[in-house]
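Here's the structure, in structure tokens; my notes come after.
The values are calculated or read from the model by the stated rules, or taken from the named source; none is laboratory data. Since this is a predicted model, take the numbers as computed values, not measurements. Every residue, glycine as well, gets a Cβ built from its backbone with ideal geometry; the counts of neighbours run over all protein chains shown.
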Amino acid sequence: MSNRSLYIVWGVTGGLGEGVSLALANAGHDVIGYARDVNKVNSSILDAEHIEIRSMVISESFYRQECAYLEGRGLTIAGIVDCVGSTQTPSDATLTQRFKDIMTPNLFHPYASTLIFAPVMAENASIVLVSSIRALTGTDNQNIEYAFAKAAVENLARSLVHHLKATKVRCNVVRPTPILGTQMSRAWSPQIIEELESKALYGTLLRVDDIVPVVVFLLSPSSLAINGTVIDTSGSFGL
Ligand SMILES: NC(=O)c1ccc[n+]([C@@H]2O[C@H](COP(=O)([O-])OP(=O)(O)OC[C@H]3O[C@@H](n4cnc5c(N)ncnc54)[C@H](OP(=O)(O)O)[C@@H]3O)[C@@H](O)[C@H]2O)c1
């Protein structure tokens, strides 16, 4: 790996994680992409130059070990993008289990990994967390835990800005609506897609490639003036 800017992307088995990793690598940066199951990572990523894939688990001890390992390799992190997120929990799960299943990837992961990795990031480095329109609207479906986890992610970013003051690491959030072409969207029936499209300003849902440039911009020095902010990437969904 060269000494060009290094970016960490969490959750690269599809969707935004895959899209952001490829965009950064194509722009000539180095990327370390994390996946809980490296066998699920698409060949577009595996075959890409400048992307190294490492396996992850969501645990404080894992983050500490991994951080020490990267530091040991002399790698300086210019940016982190957290694309881990899930609405998956068994339908018969107890409230305790639902809370754990949803909070762990959507909230514990960005909270703990960011606090552990930020101190070893380069000065003026940038963190981008991913929220959801559900943080703003709440939800009328089963996934109320997802909605309030994402609302907490938005607040987490604002608090992190204070915590990271000494390191001058920025932290911002993007807030997408339902995105076509993601793992989540593969579960949507044509009827659900039609319903969602009726709420989209131009009648079509956004795709991964519509969101990726916003994330790349937030990682870049061009966005130095943007900190502790949620960028709504919903394309006026629901207005
Ligand atoms: N897709 C949408 O419509 C939409 C809308 C608004 C916001 N978002 C948010 O956007 C972000 C990126 O999502 P995406 O749509 O690009 O979805 P995606 O393709 O499903 O990516 C989510 C990633 O999170 C990983 N992940 C989930 N649970 C995990 C766990 N317990 N441990 C480790 N990794 C875990 C997944 O790994 P596996 O492949 O192994 O499951 C996957 O790599 C997420 O925060 C999501 O909540 C998505």
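Taking the listed residues ASP232, ASP140, the one that is surrounded by fewer than 18 Cβ atoms within 10 Å (Cβ to Cβ), under 15 Å from the mean Cα position of the chain (by Cα) and more than 10 Å from the ligand (Cβ to nearest atom) is ASP232, with no other qualifying.
Here's the yes/no breakdown for (1) touching a residue at least 12 places away in the same chain (Cβ under 8 Å); (2) within 14 Å of the chain's Cα centre (by Cα); (3) at negative phi; (4) in a loop (DSSP other than H, G, I, E, B):
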site	(1), (2), (3), (4)
GLN191	no, no, yes, no
GLU194	no, no, yes, no
ASP209	yes, no, yes, no
PRO213	yes, yes, yes, no
LEU218	yes, yes, yes, no
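Exactly one residue among ARG73, ARG54 is surrounded by fewer than 17 Cβ atoms within 10 Å (Cβ to Cβ), of a type in the set (Lys, Arg) and within 17 Å of the chain's Cα centre (by Cα), and that residue is ARG54. Apart from one condition, ALA157 fits all of (1) away from the ligand (no atom under 14 Å from the Cβ); (2) touching a residue at least 60 places away in the same chain (Cβ under 8 Å); (3) part of a helix (DSSP H, G or I); the exception is (1). Against the condition farther than 20 Å from TYR7 by Cβ, without any contact (Cβ under 8 Å) to a residue 40 or more places away in the chain and among the hydrophobic types (A, V, I, L, M, F, W, C), how does LEU46 come out, does it pass? So LEU46 does not fit the description; no. Looking for something modelled with pLDDT of 95 or more and in contact with a Cys (Cβ under 8 Å, 6 or more places away or on another chain) - is there at least one such residue anywhere in the stretch 163-171? There is no residue in the stretch 163-171 that is modelled with pLDDT of 95 or more and in contact with a Cys (Cβ under 8 Å, 6 or more places away or on another chain). The listed residues are GLU52, GLU66, and the only one of them that is farther than 27 Å from SER222 by Cα and either modelled with pLDDT of 95 or more or in contact with an Asp or Glu (Cβ under 6 Å, 6 or more places away or on another chain) (or both) turns out to be GLU66. One residue stands out among those in the stretch 4-38 that are among the charged types (D, E, K, R) and not in a strand (DSSP E or B): the one that is farthest from the ligand (Cβ to nearest atom), which is ARG4.
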